[in-house]
Amino acid sequence: MASPKRLAGWCFCALFAFVLPVSADESNERVLVADPYLELHTGPGRGYPIFDIAERGERVEILKRHTDWFKVRTARDREGWVSREQMEATLTEAGEKKTFRDVLFDDYLKRRLEFGFSFGTLQGDPLLSAYTGYRVHDNFLIELTIAQSAADFSTTSLYYLALVSQPFPDSRWSPFVALGAGRFTNTPKSTLVSAIETKGGLANAAIGLRYYVTRQFFLRIEAKEHVALINYNSTTHYTEWSAGAAFFF
């Protein structure tokens, strides 16, 4: 079996910076330090050094959240990262103990970029796929997939872009449908006499199911029908069944 081709690089980046006075943004939540102090790290992780503290009785503003870490701004206008463990010891403005939703599933719902791999069959032959996706809307993703299947007499490679629709994006179990288009290549084994490589357009439709597992991982199963457009008078149909795992950022 020929080794799969390396997944083409595909990166979508978005960076928005808003520099506003503390008093200008009233939408950010504020909490009261109840422990002797909060440790402010330079980044979201224990490996980042502590550069400052917020003392008991001081109010801090929650700016954003990244997994189990919160970026906060103190009354002295110092910004740093505090662990979830310490943040859950703070008090709300009403004087009650502060609690937070499960960060992991919350991050899953807000995900943008994801990568995944799957194994399955294409017309009964082994299939290996890799994809990268970008969430453009709560209900829609754009995915780029590269797949390869090795049969006894030839190897089939598929490359396509697909629009994925999730009708229930906020559920741990999330069904989806997809429509895609791209290219395919069928390469006969070199040992065959008069072997001719075949190339053409590709269209496909899929139905599947995602299941969020834990942390940054989820599972995915799907059934897909491919139509290879060889020429104006000839088409070939491929049925795919696959299952795999993916992770998100």
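Remarks
- Rounded to the nearest whole Hz, the Karplus-based 3J(HN,Hα) values (6.51 cos²θ - 1.76 cosθ + 1.60, θ = phi - 60°) of segment 142-150 follow the sequence 10, 10, 10, 10, 10, 9, 8, 10, 10, with x at glycine and proline.
- For the chain, the mean residue ellipticity at 222 nm estimated from helices alone is -1000 deg cm²/dmol, where every DSSP H run of n ≥ 4 contributes -39500 (n - 2.57) and the total is divided by all residues, rounded to the nearest 500.
- Largest GNM mean-square fluctuation across Pro49, Pro167, Pro175, computed for the chain with C-alpha springs under 10 Å, falls on Pro49.
- The fraction of accessible area contributed by carbon and sulfur in the chain is 58 percent, rounded to a whole number (1.4 Å probe; ligands and nucleic acids excluded).
- Gaussian network model of the chain, springs between alpha carbon atoms under 10 Å - residue of Glu143, Glu96, Glu61 with greatest fluctuation: Glu96
- Where chymotrypsin sites (Phe, Trp or Tyr not before Pro) fall in DSSP loop in segment 68-155, at most 13 other Cβ within 10 Å: Phe100, Phe153
- Segment 135-249, relative contact order in percent, only Cα pairs under 8 angstrom and at least six apart counted: 18
- Length-normalised contact order for the chain - Cα pairs under 8 Å, 6+ apart - percent: 13
- Low-density loop positions, chymotrypsin sites (Phe, Trp or Tyr not before Pro), segment 207-242 - DSSP coil, at most 16 other Cβ in 10 Å: Tyr232
- Identified option (computed log10 I(q)/I(0) by the Debye sum over Cα atoms at q = 0.10, 0.11, 0.16 Å⁻¹; candidates [x] -0.56, -0.68, -1.25; [y] -0.46, -0.56, -1.29; [z] -0.64, -0.72, -1.10): [z]
- For Leu127, net neighbour charge (Lys/Arg +1, Asp/Glu -1) across residues whose Cβ lies under 11 Å away: -1
- Semi-axis lengths, largest first, of the ellipsoid equivalent to segment 150-199 are 37, 12, 5 Å, with √(5λ) applied to each eigenvalue of the Cα gyration tensor.
- Relative contact order, percent, segment 58-118 [alpha-carbon distance under 8 Å, six or more residues apart]: 20
- For the residues Thr67, Thr99, Thr185, a GNM of the chain with alpha-carbon springs under 10 Å puts the largest fluctuation on Thr99.
- Given +1 at the Cβ of Lys and Arg, -1 at the Cβ of Asp and Glu and no other charges, the dipole of segment 95-192 around its Cα centre is 200 debye to the nearest 20.
- Taking every protein chain into account, the accessible area of the chain amounts to 57 square angstrom per residue (probe 1.4 Å).
The values are calculated or read from the model by the stated rules, or taken from the named source; none is laboratory data. These numbers come from a predicted model, not from an experiment. Because the Cβ atoms are built from the backbone with ideal geometry, glycine has one as well, and the counts that use them run over all protein chains shown. Accessible surface areas use protein heavy atoms only, side chains included; no ligands, DNA or RNA. Shrake-Rupley method; radii C 1.70, N 1.55, O 1.52, S 1.80 Å.
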